[in-house]
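To keep things clear, I will list the structure first and then write my remarks on it.
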Amino acid sequence: MDGSRKTYVAVVVIQAIYTGMFLLSKVAFDVGMNPFVFVFYRQAAAAIFLAPIAKFLEWKTAPPISFLICFKIFMLSLCGVTLSLNIYGVALKYTSATLAAATTNSLPVTTFILAVLLRMETANIRTGIGIAKVMGIVFCAGGALTIAFFKGPTVKLLLHHHLFSYHGQVQNTAASSHWIKGVFLLLLANAFWATWLVMQNRVLKSYPSKLLCTTLQCFMSTIQSFVFAIAIARDPSEWRLGWNVRLLSVAYCGIVVTGVTFYLQAWVVEKKGPVYMAMTTPLALIFTIASSAVLFGEILSLGSILGGILLVGGLYSVLWGKSKEQKMAASNTGDIEKAENESKEQSTMEKQSSTPNARIY
């Protein structure tokens, strides 16, 4: 299998893993697992899984951790992991796995908005590229509002056949007043995650050991999540896992999602770049819709379908503008370097021609 096909397989596997995360998390919450307890166990599993790997691969080469670096990683884990995952868990109880997958497509756009506010990105509306970026933001906002406030007729993809009848709770939840609250909580979770992406870029410049940094974030978020969970879930029965879907979802999200996708995403970004990775995000939405229909007989509303289309459209609009901008920047850099090289060559030739007995080969 050549390198190009390997990257295709890798991105499909990544999005399939995320699909499993959306579905298993939703099932765990539907059978009564507390979202805050779930996040604590998930992060603990991730920290235990990553710690020996990070020690073996990066401990000897990692730079020393100062108090300032430690504080930055602590705040990074609080914002992008603890708050984001806990809000996401509460939102998923109010909504559905399909909606969680749909709103994930707003993440690159939210990240771009934060980068613009922090002056790390530009959006010049006088150019076609700038207009594409702004239109992407508008599409994403329109998609979120459509999902939240417009239901429309429902579409049941499979009329009679689904594997888990209990998942009818999703239909009741989708029809309740909690739906709007869940939509905006999902967007808030994505906003915290986008903030984490922007902040992490700066933290990694001062502490470049990526795997060890990720492990420290998992460890710190485990402590933070425990504080949240112990304050909210005081019934001992809420902390029991057992050999059931609760334990499966915790192990899957903590080990497979955190461990496997970290490596695969880093490999794909290295081979194809971050834009290519971001453009495959809608695959998780497609996989989740199909899986929810087969496993749970989930009913979709027209508003959810239209909102999902707008979110994906906004994603690609921003990514298209960003891709064109990067190509123009690379082209301009190449032109400048070429002009500088030509200027140096011309200057050299002039010096040689003005020198007596100079020989030009």
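The values are calculated or read from the model by the stated rules, or taken from the named source; none is laboratory data. Keep in mind it's a predicted model, so treat the numbers as computed, not measured. In this analysis, Cβ positions are derived from the backbone assuming ideal geometry, glycine residues included, and neighbour counts consider all displayed protein chains. Remember, those area values only see protein heavy atoms, side chains included, never the ligands or the DNA or RNA. Shrake-Rupley method; radii C 1.70, N 1.55, O 1.52, S 1.80 Å.
Data for the structure
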| item | result |
| --- | --- |
| Answer from Val37, Val12 - the residue that is exposed (fewer than 14 other Cβ atoms within 10 Å of the Cβ), assigned to a helix (DSSP H, G or I) and either touching a helix residue (DSSP H, G or I) at 6+ places or on another chain (Cβ under 8 Å) or acidic (Asp, Glu) (or both) | Val12 |
| Test: residue in the range 253-271 that is more than 17 Å from the chain's Cα centre (by Cα) and buried (at least 19 other Cβ atoms within 10 Å of the Cβ) | no |
| Count of residues meeting criterion [of a type outside the set (Lys, Arg), open to solvent by less than 40 Å² (accessible area, probe 1.4 Å) and under 25 Å from Asn105 (Cα atoms)] in the range 15-34 | 13 |
| Evaluation of Arg240 against (1) open to solvent by 50 Å² or more (accessible area, probe 1.4 Å); (2) of a type outside the set (S, T, N, Q); (3) under 20 Å from the mean Cα position of the chain (by Cα) (one fails), failing number | (3) |
| Candidates Ile180, Ile125, Ile131, filtered to the one that is at pLDDT 75 or above, farther than 15 Å from Thr110 by Cα, out of contact with any strand residue (DSSP E or B) (no Cβ under 9 Å at 6 or more places or on another chain) and surrounded by fewer than 15 Cβ atoms within 10 Å (Cβ to Cβ) | Ile180 |
| Within the range 175-263, helices (runs of 4 or more DSSP H) holding 2 or more residues that are without any contact (Cβ under 8 Å) to a residue 40 or more places away in the chain and either in contact with a Pro (Cβ under 8 Å, 6 or more places away or on another chain) or more than 20 Å from Leu83 (Cα to Cα) (or both) | 178-206 |
